[in-house]
Structures are given as structure tokens and as C-alpha cells.
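Everything on this sheet refers to the single structure shown next.
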Amino acid sequence: MRLGINLGYWGAGMDADNLAVAKEADKLGYSVCWAAEAYGSDAATVLSWVAAQTERIDVGSAIFQIPARQPAMTAMTAATLDSLSGGRFRLGLGVSGPQVSEGWYGVKFDKPLARTREYVDIVRKAMSRERLSYEGEHWTLPLPDGPGKPIKLTVHPAREHIPVYIAAIGPKNLEQTGEIAEGALLIFPAAEHIEDTALKHIRAGREKAGLTMDGFDVCPTLPLALGDDGAVGALADTFRPYTALYVGGMGSRKQNFYNQLAQRMGYEKEAAEIQDKYLSGDKDGAAAAVPQQLIDSTTLLGSVERIADRMQAYAEAGVTTLTLAPAGFTLDERLAALRAGTEALERAGLA
């Protein structure tokens, strides 16, 4: 099992710290450095900045939002980043959510599975440098009865094939991800539930495409907080607002994929309470309603030894790249957590 690092969103006064974290991860041998985007910093600019100041670590978008870019533009960006980084780019894609898609980008949040499939088809075709033509439900290239003509990408990526990852939560999306992608970006993954909530669906998609799980990258992100095992409860409390935001406040009441995931993990009643309180404006109450077990099972908390045990469980469950989001109020705390990740991987015999 390999390790990755997720920088999250750029900004919030942590720009210099994030770069230092990326550089340290590069020195420590982390496999990939991911950057996110929502409606603040864009991931492409951040990744080019990180790639320019690192040597070995891959850089990946987690995620490029599908409603934010036409697929041909994403192919151009991926090819450029792969060329500039010397073949170190991984393309992570996702549909975002209804509030961002429709409120920020003005793109209707409908038929996300079909839209994702067509998007990946076009991106792959463009990056292969064949002349681009496509007829689908959501995109037609070139537009009919106009001056457009099939043209091809002029940039040569460093590699013939850039790996595609898809951020997936729901069963149907996970199955499609197994069918059309090389990796899955997962969130709130519990080692004890990951087979039922994710892997069985990915495996079904692989089988549909005549493929096995060999070479497919199962890549969840877990927050990590280093501390004494006797203080795990206090460490878990630091992630209550984070978990409450996703389970209670992301998307809408009818379309909150994280809330649905918590329900599939056995927290039906708790997920409903968290959402009710969050959407009513009681964010503190929503955070207090998050069960400690839900946080503990979807994060890495405590001593290096305890974290190593959890890493072993994830490896046995089928995770191939464990992406860490090291917590800390200072750069030194985040770097210590980053180093603890590599130490725990070694203690677990997984390095």
C-alpha cells in the first residue's frame, strides 16, 4: 500500500505551509499529492506550482469539477500538466454537487452518470491526439451545421496514457468508476465497511468491462491526527465540524451523497439528526450529534502504533493508496503527522 497526501483547498492562510507539506511528502517518498477545488482556488494552478517545486511525487486533481470545464479543456490541462511535470500527473474528476454545479457554474445537475461517462470518453479521445469528433447526449463535437471541424490536441503529454480517477460515493457511480477509470477517490471510508460500501460495486464494474482489480487504484482520503491513545476522544472532537459539514450540510436534503453513505454504514438515525440540525442552522448541535465511532472509523487517530494497526486494516480491506490529510494548527504539527504516516506504514509492514 502506498501513501498519498491531500492538500485540500489552497488558501485560508496556509499557502506556504501547504507547499512545505508537499515538499516534505516528496522527500519522504509519498506516491501522490492531491489538490482540491470547489469555488475558491482552482486545482490546476496549485498542481503546476507544486510540480515545479518537487521532484518525484505525482500530482493529482482531487478533483477537477466536471461542470467547471468542457472536456476538451480538461484534456488540454491534463496534457500540459503531464508534460510540465515530466509524466507525474493523475487526472481526478467528479461531478461536484447540485449547489455548486447549478449555483456557481450554471450547469444543470442532471444525469451525472451519463455525463461523467461521456466526459471521460471525450477526454481520453482528445488526449490520444486523434481528431476529435463525438456524438452523445450531452456533447456533440463538432457542432452540426457549423464551421467547426475535427481537430486534434497539439500538446504531447509525457505519457501515452494518463490515469483517470473518479470521485465516487454512490453504488451506481462506483460501479461505473470501476468500468471506465483506473482509480477511485473515496471519502469517509471505514475499513470495516469499505467492501460493502465501495469495493463490491467497483469490482462489479471491472467485471462488466472484462477487467479484474489488478492495476486499479483504490484511493481513500483519511484525516490524520497524531496524539496519545488515551486522548482519541479529544482527537476525534477536532473532526466533528468537518464530518457534520459533509453529512449534514453538503448538497441538499434530497441529494447529500455523504449523508447517504453514513446511512449505508449503519448510522441512519444519526445521519438524519445531523442533517436536521445542520440545515436548521444549529451547526454546533450537528457536530455534537456525530458519533465518535463514525469519526474514529473514518480517520487515523492516536499513536503511531494505533495508526499502523488501522493502516493494516485498510490494506487488508483492499486499499492500494491511502491518502492522508494531516491535521495540525501549526506547520510543525502537520509535518510531524506526515512523518508519522510513513513510520506507521513501515511498522505495519506495508512500505
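The values are calculated or read from the model by the stated rules, or taken from the named source; none is laboratory data. Keep in mind that this is a model prediction, so the values were computed, not measured. Cβ coordinates were reconstructed from backbone atoms using ideal geometry, including for glycine residues, and neighbour counts include every protein chain displayed.
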Please verify whether segment 162-171 includes one or more residues that are assigned by TED's automatic domain parsing to the domain that holds residue 221, under 30 Å from residue 30 (Cα atoms) and in a helix (DSSP H, G or I). yes
Take segment 231-247 and flag every residue that is buried (at least 19 other Cβ atoms within 10 Å of the Cβ) and touching a residue at least 60 places away in the same chain (Cβ under 8 Å). 232, 235, 236, 239
Matching residues, segment 328-347, being over 16 Å from residue 229 (Cβ atoms) and surrounded by 20 or more Cβ atoms within 10 Å (Cβ to Cβ): 334, 338, 341, 345
Could you check segment 80-114 and list, in sequence order, the residues that are out of contact with any Gly (no Cβ under 7 Å at 6 or more places or on another chain), basic (Lys, Arg) and crowded, with 20+ Cβ neighbours inside 10 Å? 88
For segment 62-79, check the following and say yes or no: at least one residue is surrounded by 18 or more Cβ atoms within 10 Å (Cβ to Cβ), in contact (Cβ under 8 Å) with a residue 40 or more places away in the chain, touching a Phe, Trp or Tyr at 6+ places or on another chain (Cβ under 7 Å) and more than 30 Å from residue 148 (Cβ to Cβ). yes
Go through segment 292-322 and give me each residue that's outside any helix (DSSP H, G or I) and either crowded, with 19+ Cβ neighbours inside 10 Å or under 21 Å from the mean Cα position of the chain (by Cα) (or both). 298, 299, 300, 301, 302, 318, 319, 320, 321, 322
Let me confirm something: among 74, 54, which residue is β-branched (Val, Ile, Thr) and in a loop (DSSP other than H, G, I, E, B)? 54
Does segment 74-81 contain any residue that is under 26 Å from residue 220 (Cβ atoms) and of a type in the set (A, V, I, L, M, F, W, C)? yes
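Okay, residues lined up against (1) touching a strand residue (DSSP E or B) at 6+ places or on another chain (Cβ under 8 Å); (2) free of Cβ contacts under 8 Å to residues at least 12 places away in the same chain; (3) in a loop (DSSP other than H, G, I, E, B):
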| residue | (1), (2), (3) |
| --- | --- |
| 82 | yes, no, no |
| 96 | yes, no, yes |
| 108 | no, yes, yes |
| 129 | no, no, yes |
| 154 | no, yes, yes |
